[in-house]
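Take a look at the structure set out below.
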Amino acid sequence: MAATMALDEARRLAVAAQGFDRARPKGAVNRGHLRRLVQRLGAIQLDFVNVVEPAHYVVLFSRLGAYDRELLSDLLYRRRDLTEQWAHQASIVPVEHWSLLRDGRAMHDRRVRALAAFAEKHPDYVTLVLEEVRAHGPLGAADIPLMEDAPPYPRDAWGWTLPKIALEALLVQGVVAVAGRAADHSRLFNLAERVIPKKHLRPPGKPDDAARALLLQAARALGAGTAGDLADVYGLPAQVTKRHLTALVRKRALEKVRIGNWREPAYRHPEVVEPARLRAAALLAPFDPLLWSRRRVARLFEFEYVLEIFVPSAKRRWGDYVLPFLLGDRLVARVDLKTDRKARCLEVVAAFLERGADGLAVSDALATELWAMAEWLGLEDVSVGRRGSLVVPLARAVQR
């Protein structure tokens, strides 16, 4: 019989698993802090939308506070402690996960399967692109010359060029790796053996072993989650995930639990411990790993979240680029933020208090976090607009 867990316990466990169980470093954040956090989370989704700051940078700030973003580039493209790979979408991952993600490539989500299918259908073209990288890498998609015998453009190609599709397919296969980023943030590719440290270039193992290792990492990053929650972290297929979870429970690598009134059972990682107290106070980027599964966010936090940047402006309820505010183990506010770099100001376009939250306590904590973010971004001011249930007390708190 599965153990039971109260919803508030599961929520604290989830927040702790995501790295909010400890205070931010008192001194300067160093490479070790960044490397250990990425290892703990397993993957950080890359996103270069710059309304406030690219989301992957904000994920690290939310947990560690101010840091030099060049340290992340150093770990990715020079020291190679981290790398880019398809995980939860395009992601930053620990380099030691390289072989796991390559081994499990056939089990990934729809886009990754489409890339693999493209390579299988057009091997000659993909080989020609590979030879360009072999001869001239690192190369971006724009550096690959047009070819007379190029295949037809796929119907579902996300606006990518054919060279970009071929390069991403080769990345899925683990044949090439991301060597760096161009000035426009586009990827630069080189042969994997020129980028990934040799000790991490292991030959493919058994796909089941890779999938189970990824599920264990997913459980470690979530604390506890349903089969669907865990499968979503690395895009693993639902139809085989439950089989792997049964095996992991049998081996006592995971514990099967019942959480509150959830319809489905959950799986808890034994290494994640519920903290006695959580002092978290952080703005969460829309692509923060705590928010990846909107259904899970609704179940855990009773918080319905939609990134409305993809919604027609006339239909937006909360704002263009809304960041939830985490305080303790609850999502207590929504903040529509924008960075005005010319005026050197962090603009709160709108701010809304969640039902049941203490407006004064939330305003004080949020004001502190807004000023910390502004300082990290090199801004000199924080302004608060007039829209939303939280703006009056927040404006006062910001000015104190």
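The values are calculated or read from the model by the stated rules, or taken from the named source; none is laboratory data. Nothing here was measured: the structure is a model prediction, and the numbers come from that model. Cβ atoms come from the backbone with ideal geometry, glycine included; neighbour counts cover every protein chain shown. The protein model used for the area step is the full one, side chains on, heavy atoms only, and it has no ligands, DNA or RNA in it. Shrake-Rupley method; radii C 1.70, N 1.55, O 1.52, S 1.80 Å.
Points worth noting:
- Checklist (1) closer than 28 Å to Arg294 by Cα; (2) touching a Gly at 6+ places or on another chain (Cβ under 7 Å); (3) in contact (Cβ under 8 Å) with a residue 12 or more places away in the chain applied to Phe189, failing item: (1)
- Among residues of region 55-76 that are touching a residue at least 40 places away in the same chain (Cβ under 8 Å) and at positive phi, those with a Cβ under 9 angstrom from a residue that is open to solvent by 10 Å² or more (accessible area, probe 1.4 Å) and assigned to a helix (DSSP H, G or I), sequence gap 6+ or separate chain, pair up as Gly65/Ala372; Gly65/Trp376.
- One residue from Leu370, Leu394, Leu366, Leu331 being touching a Phe, Trp or Tyr at 6+ places or on another chain (Cβ under 7 Å), at negative phi, buried (at least 16 other Cβ atoms within 10 Å of the Cβ) and assigned to a helix (DSSP H, G or I): Leu366
- Any hit, region 308-325, residues being within 19 Å of the chain's Cα centre (by Cα), modelled with pLDDT under 95 and open to solvent by 40 Å² or more (accessible area, probe 1.4 Å): yes
- Positions within region 202-252 being surrounded by fewer than 22 Cβ atoms within 10 Å (Cβ to Cβ), among the small types (Gly, Ala, Ser) and touching a residue at least 40 places away in the same chain (Cβ under 8 Å), in sequence order: Gly205, Ala213, Ala227, Gly228, Gly235
- Search result, residues across region 334-346 that are among the β-branched types (Val, Ile, Thr) and either surrounded by fewer than 23 Cβ atoms within 10 Å (Cβ to Cβ) or modelled with pLDDT under 95 (or both): Thr339
- Condition check for Ala361: surrounded by 17 or more Cβ atoms within 10 Å (Cβ to Cβ) and either at pLDDT 95 or above or assigned to a helix (DSSP H, G or I) (or both): no
- Residues that are among the charged types (D, E, K, R) and closer than 17 Å to Glu193 by Cα within region 130-145 comprise Glu131, Glu132, Arg134, listed in sequence order.
- Scanning region 52-90 for residues that are out of contact with any helix residue (DSSP H, G or I) (no Cβ under 7 Å at 6 or more places or on another chain) and open to solvent by 40 Å² or more (accessible area, probe 1.4 Å) yields a total of 6.
- Among the residues of region 192-201, the ones that are open to solvent by 50 Å² or more (accessible area, probe 1.4 Å) and either β-branched (Val, Ile, Thr) or farther than 22 Å from Glu131 by Cβ (or both) come to 2 in all.
- Candidates Ala169, Ala141 - the one that is free of Cβ contacts under 8 Å to residues at least 60 places away in the same chain, crowded, with 20+ Cβ neighbours inside 10 Å and in contact with a Ser or Thr (Cβ under 6 Å, 6 or more places away or on another chain): Ala141
- Of the residues in region 93-112, at least one is closer than 30 Å to Phe325 by Cβ, open to solvent by less than 20 Å² (accessible area, probe 1.4 Å), within 16 Å of the chain's Cα centre (by Cα) and of a type outside the set (D, E, K, R).
- Filter result (within 18 Å of the chain's Cα centre (by Cα), open to solvent by less than 30 Å² (accessible area, probe 1.4 Å) and touching a residue at least 40 places away in the same chain (Cβ under 8 Å)) within region 253-292: Ala282, Leu283, Leu284, Ala285, Pro286, Asp288, Pro289, Leu290
- Among the residues making up region 337-357, those that are more than 20 Å from the chain's Cα centre (by Cα) and part of a strand (DSSP E or B) are Lys338, Thr339, Asp340, Cys345, Leu346, Glu347, Val348, Val349, Ala350, Ala351, Phe352, Leu353.
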